[in-house]
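Data block below; observations after.
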Amino acid sequence: MNPATHSERITRIVDDLAEHGWSRQRLFASQALTLELAAECHKQSAQGALTRAGTGRGSGQQVREGVRGDHIQWLEPGQAVCCDQYLQLLNELRLALNQHLYLGLEDFESHFALYPPGAFYQKHVDRFRDDDRRAVSTVLYLNPEWLAEQGGALRLYLRDGSCQELLPEAGTLVVFLSADMPHEVLPATRERLSLTGWFRRRAAMPL
Ligand code: OGA
Ligand code: MN
């Protein structure tokens, strides 16, 4: 069987989201692009550009050791060619979600995340209590040759009461609805890199 094309992968994500509220696509990003993204994340980390992630937003933001242990850097368009290629791939997905599921996704925000060995992110929901613009969450993993015994799975708590554990394997994109999918990141025995992002809708107009 031929490997799926990029547009076939996008179609599967759209169908999975409509049916189950989540999707995993292996090889969403090529091996070359994933390696470049991992190198860019390491470069930024070496330059001290990653900061301890907080929870909440705006002035309500706090760093709480027991909740999440990752270090992040928000992406800016134009920061690196590989980052712009990633943003382009995700923009194609945004347009497909709008075309087929009428989600009205207006923009995309995304950050590198580096979890040192032992770091985790406790069970949470991505949509903020005071801001409901985040509609669809995405995570692209950047870790070559990840083994199950190294831990670090993303555990999704599904609508039917079951759990799904997904390994952070290089090139794999996980997509899920931000509002109603609790999830957590389990600790790993090695460093764990990803690009986490959110497609956002327009802010609701105050009445
Ligand atoms: C997050 C998150 C999941 C992952 O950053 O909100 O849940 O697998 N990340 O990195
Ligand atoms: Mn999350």
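The values are calculated or read from the model by the stated rules, or taken from the named source; none is laboratory data. Predicted model only: the values in this text are computed from it and were never measured. Here the Cβ positions follow ideal geometry from the backbone for every residue, glycine too, while neighbour counts run over all protein chains shown. Protein only, heavy atoms only, side chains kept; ligands, DNA and RNA dropped before computing areas. Shrake-Rupley method; radii C 1.70, N 1.55, O 1.52, S 1.80 Å.
Projected label points at THR51 and ASN98, each 7 Å from Cα along the beta carbon direction, are separated by 3.0 nanometres. For MET181, the residues 5 or more places off, or on other chains, whose built amide H falls under 5 Å of its own are ASP126.
Placing unit charges on each Cβ (+1 for Lys and Arg, -1 for Asp and Glu) gives the range 158-207 a dipole about its Cα centre, and among VAL175, GLY197, GLY161 the Cα reaching farthest toward its positive end belongs to GLY197. Once C-alpha pairs closer than 8 Å and six or more residues apart are averaged by separation and normalised to the residue number of the chain, the relative contact order reads 27 percent.
Relative contact order for the range 52-169: 21 percent, from Cα pairs under 8 Å spaced at least 6 residues apart, divided by residue count. Just to check, using Stokes-Einstein with a Kirkwood Rh over alpha carbon pairs, what's the diffusion coefficient of the chain at 37 °C and 0.692 mPa s in µm²/s? Here the translational diffusion coefficient equals 188 µm²/s. Along its three principal directions, the equivalent ellipsoid of the range 9-118 from the Cα gyration tensor extends over semi-axes of 27, 19, 14 Å, largest first.
Around the amide H of TRP146, modelled in the peptide plane, lie the amide H atoms of ALA170, all under 5 Å away and 5 or more residues distant in sequence or on another chain. All other residues whose Cβ lies under 12 angstrom from that of SER178 are scored, Lys and Arg at +1 and Asp and Glu at -1, for a net of 0.
Surface composition of the chain: carbon and sulfur make up 51 percent of the accessible area, probe 1.4 Å.
Net charge near LEU142, counting Lys/Arg +1 and Asp/Glu -1 over other residues with Cβ under 14 Å of its Cβ?
It works out to a net charge of -2.
Remark: spin-label model distance TYR157-GLU145 equals 3.6 nm, labels positioned 7 Å along the Cα→Cβ axis. Each Lys and Arg adds +1 at its Cβ and each Asp and Glu adds -1 at its Cβ; summed about the Cα centre, the range 80-133 shows a dipole of about 260 debye.
Looking at the square roots a ≥ b ≥ c of the eigenvalues of the Cα gyration tensor of the range 90-144, which shape do they give, rounded for a/c under 1.5, prolate if a/b is larger than b/c, or oblate? Because a/c hits 1.5 or more and a/b fails to exceed b/c, the range 90-144 counts as oblate. Spin-label pair ARG129-ASN91: with each label point 7 Å from Cα along the Cα-Cβ axis, the two points sit 3.6 nm from one another.
Ligands, DNA and RNA are left out, and with a 1.4 angstrom probe the accessible area of the chain is 52 Å² per residue.
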